[in-house]
Amino acid sequence: MKLIVDIGGTKGRWFVLDKKNQISFKSDGFNPFTSKIDVLSGILVSLKSSFDFDSILNIHYYGAGISSENKKSEVRKVLKRFFTKSDVEINSDLLGSCRALCNDKSGVVGILGTGSNSCYYDGNKIKSKIKSLGYLLGDEGSGFDMGKKILIGYLRNDMPTTLKDKFSIKFDKKMDLLERLYNESNKEKFIASFSNFIHENKENEYIRKFLQNHFSNYFENIILKYSSKNIYLTGSIAYYFKNEILMVAKEKKLIIEKIEKDPINHLCDFHYKYNRFAN
C-alpha cells in the first residue's frame, strides 16, 4: 500500500492507495516553517484509527514549508516513527502541484492558498523558483496577503461605510480583533480567514478594485518574472477567485492553462500513470 499526502497550512489530504483502490482522509494543516513539529505528530495520532499504518510501504509526502533539508529531515523522522515499515519521500507541495497539474508538460505553476509559492517546471523537475519569502515578507496573492490587506483597510477606516458596517457585524469590534490577532497561535491561518469575507462581497465596487490590485500585484511581482507565459494555478484562493484571476491574466497577456482547487486527486493519477508504485 502507498500513502500520498498533500498538506498545506490550513488542511491536509491523505490518500491510501493500492493498485486498484484509494481511500481518502482529511486532517488539519501543517507547515514546519510556521508550526512546531509536534503539530504533525498530533495529526498522525488523530489518523491512527483511520487505517492500518503497518500496511503502508511507501509514503509520498508533499507539504507546505518544505524549504530545506533540515525541514525534510524533521518531517521524515516523525513519519518514520509512526510508519515503521515505510520508505518515505518528502517533497514540497510545489512539486506535488507541478506533477498534478502539468504531468509531463512545462509551465509556470503557482499555489495560492493560505500562503503562496511558484516555480517554473520543465515537465520533469522544478528548474527555477522565485522565493515566496513567507507571510512576513512576501506571500503575494495568498489568502494571508489578501486577509492582511482587507484587515488594514478596515482598521484604518479606508473601507466605504456600508462595507465597514458589514465587516464590523461579522467580526466584532476593532480592539477585539487586534487583541485576538496578537494572541492567536496560528496568525497566518487566522488572517487568511478574512478572505472569506472578500469572497462574500466580491460584487462590491471597493472589493472589485481590491481584487484587481491584489492579483495584478501577484502577477507583476511573481508570475511575470518567469519567461514562460503558460500558467497553472492551484489552491483555494486560485479556485474561488478564478474569474478575477482570469480577467487580470488577460490584461497581462498570460495564458491560464488550468486552475484547480485541490491537486491531490490528479497527484494520485500521476503516481498511477507513471508507475511510481513499486509496492
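Laboratory data are not the source of any read-out in this text; all were calculated from the coordinates shown. Values in this document were obtained by computation on a predicted structure and should not be read as measured data. Cβ placement follows ideal geometry from the backbone for every residue including glycine, while neighbour counts extend to all protein chains displayed.
Within the same chain, lysines fewer than 8 places from residue 166 are excluded, and of the rest, those with a Cα less than 25 Å from its Cα are 148, 149, 174, 187, 189, 202, 209, 242. Compared with the dominant Cα axis of the chain, that is its longest principal axis, helix 242-251 is turned about 70°.
A simple packing score, the average count of other Cβ atoms within 10 Å per residue, orders the peptides 23-33, 231-241, 251-261 as 231-241, 23-33, 251-261, with the highest score first.
If N is the number of residues in region 1-99, what value comes out of its Cα radius of gyration divided by 2.2 N^0.38 Å?
On the way: Rg = 12.3 Å, N = 99, 2.2 N^0.38 = 12.6 Å.
So the Cα radius of gyration is 0.97 times the expected 2.2 N^0.38 Å.
Orientation-averaged projection of region 141-275 equals 10.1 nm² [convex hull of Cα atoms, one quarter of hull surface area]. Derived value for the chain: Kirkwood hydrodynamic radius 19.7 Å. Basis is the mean of 1/r over every pair of different alpha-carbon atoms. Rg and Dmax, both from the Cα atoms of region 155-194 and both in Å, are 10.8, 31. The residue among 4, 31, 155 whose Cα reaches farthest toward the positive pole of the charge dipole of the chain, with charges on the beta-carbon of Lys, Arg, Asp and Glu, is 4. Computed over the chain, relative contact order equals 18 percent, with contacts defined as Cα pairs under 8 Å that lie 6+ residues apart. Summary value for region 159-279: 19 percent relative contact order, contacts being C-alpha pairs under 8 angstrom separated by 6+ residues. For the chain, the mean residue ellipticity at 222 nm estimated from helices alone is -13000 deg cm²/dmol, where every DSSP H run of n ≥ 4 contributes -39500 (n - 2.57) and the total is divided by all residues, rounded to the nearest 500. For the peptides 111-117, 149-155, the ranking by mean Cβ contacts within 10 Å, running from highest to lowest, is 111-117, 149-155. Helix 69-82 against the longest principal axis of the chain: what's the angle in degrees, Cα atoms only, rounded to the nearest 10? Relative to the chain, helix 69-82 is tipped by roughly 60 degrees.
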